[in-house]
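The values are calculated or read from the model by the stated rules, or taken from the named source; none is laboratory data. Computed from a predicted structure; not experimentally measured. Here the Cβ is made from the backbone with ideal geometry for all residues, glycine too, and neighbour counts use every protein chain on show. All accessible areas refer to the heavy atoms of the entire protein, side chains included, with ligands and DNA or RNA removed. Shrake-Rupley method; radii C 1.70, N 1.55, O 1.52, S 1.80 Å.
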Amino acid sequence: MSSPLAKPQIIAHVQKSLNYTVFDTKWIPCSAKFVCMGNFPRGTGVMQIYEVEHGDAQLIKEVEKPKPIKCGTFGATSLQQRHIATGDFEGNLNIWNLEMPEVPVYTVKAHKEIVNSIDAVGGLGIGDGAPEIVTGSRDGTVKVWDPRQNDSPVANMEPIEGETKRDCWTVAFGHAFNDQDRCVCAGYDNGDIKLFDLRNMSLRWETNIKNGVCCVEFDRKDISMNKLVATSLEGKFHVFDMRTQHPTKGFASVSEKANKSTIWQVRHLPQNRDIFMTAGGAGNLHLWKYEYPAQRSKKGSDDMDVGVAGSVNLLQNATLSTQPIASLDWSPDKQGLCVCSGFDQSVRVLIVTKLNVV
């Protein structure tokens, strides 16, 4: 029998109560600081920067903005600048210098409605090619932006005339392993998952998981597509093996039910792409490990290669709150350190142990 302490443990290191609803939290790269984004009860937006020291998180900066801030990313910035890109309730995409966050260094009216999700690649030394930001909105469109170009997106994926506009809840970059290739995955409220190939400007693959897609994430953005995790309402998530695409069957996948409530987010461990954490609507976190099959593809009856899905093992779980955990971010620099926020108006810094031995 292995002792329970041999498994990874999820330890709450710091907990801070906030006086606003927090929607997203992100570590500031190469620092012990993180930024929280959300909205005050009076309807304005807020960004706060905290620094973790001596077992506590100290508030070092707070700025109020006209509109509530829904999401943010550092993925398109350099490690020297560390500018954060945010999406707000008005549909604006802003980029902020956190040293002087009063006025954005870049701003564009990206969407007609709320920006639900944002992701970026090409900065921080992650992913080849241009620094780009993708936004997904309630208006049904997914747009890709290059902060070096003003006003117009470099790509716009929207429903064709006559098609129903679906609320886009989540977007993610992947396949950015050279200067030419890049994909965007988007998940929608009706269960649709769409994979857009930015090199060919085409829809490469689509599927439906029968439940609203809350979060999609590739295990790595800067490699040839390997795995994609999609989380949904009602506690289910799917892991797609993205190495082998069959012309009709698409990608092989395995699904797992974490619990009965919505899985708001999934985040892969930066130091090990086969370990990921899901954040749930019942205030819980689940730590998973993906196990590859003996062979990742086989010949199908039509003599075409078809993917083979692996399995998912639960390493640990913890309940932190009675309210949903809506955002989660691993520290890119320190293995096992993460920050999460929930609708209980709290932000928590967690330490996950023994990740190097699982």
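Assorted remarks:
- Residue match in segment 73-82 (condition: surrounded by fewer than 21 Cβ atoms within 10 Å (Cβ to Cβ), more than 24 Å from Gly43 (Cα to Cα) and among the basic types (Lys, Arg)): yes
- Ile10 passes every criterion in (1) buried (at least 21 other Cβ atoms within 10 Å of the Cβ); (2) closer than 22 Å to Asn150 by Cβ; (3) at pLDDT below 95 apart from (2).
- Index of the failed condition, Leu355 passing every other in (1) in a loop (DSSP other than H, G, I, E, B); (2) of a type in the set (A, V, I, L, M); (3) modelled with pLDDT of 95 or more: (3)
- Single residue of Gly45, Gly38, Gly55 found to be open to solvent by less than 80 Å² (accessible area, probe 1.4 Å) and out of contact with any strand residue (DSSP E or B) (no Cβ under 6 Å at 6 or more places or on another chain): Gly55
- Which listed residue is at pLDDT 90 or above and surrounded by fewer than 15 Cβ atoms within 10 Å (Cβ to Cβ), from Asp329, Asp302, Asp333: Asp333
- Every residue from segment 337-358 that is under 15 Å from Ala318 (Cα atoms) and touching a Pro at 6+ places or on another chain (Cβ under 9 Å): Gly342, Val352, Thr353
- Number of the condition not met by Asn313 [criteria: (1) in a loop (DSSP other than H, G, I, E, B); (2) polar (S, T, N, Q); (3) free of Cβ contacts under 8 Å to residues at least 40 places away in the same chain]: (1)
- Test for Thr86: is it assigned to a loop (DSSP other than H, G, I, E, B), open to solvent by less than 30 Å² (accessible area, probe 1.4 Å) and either touching a Leu at 6+ places or on another chain (Cβ under 9 Å) or at negative phi (or both): no
- Selection from segment 260-298 of residues that are touching a Gly at 6+ places or on another chain (Cβ under 8 Å), open to solvent by 30 Å² or more (accessible area, probe 1.4 Å) and either on the phi > 0 side of the Ramachandran plot or part of a strand (DSSP E or B) (or both): Trp264, Glu291, Ser297
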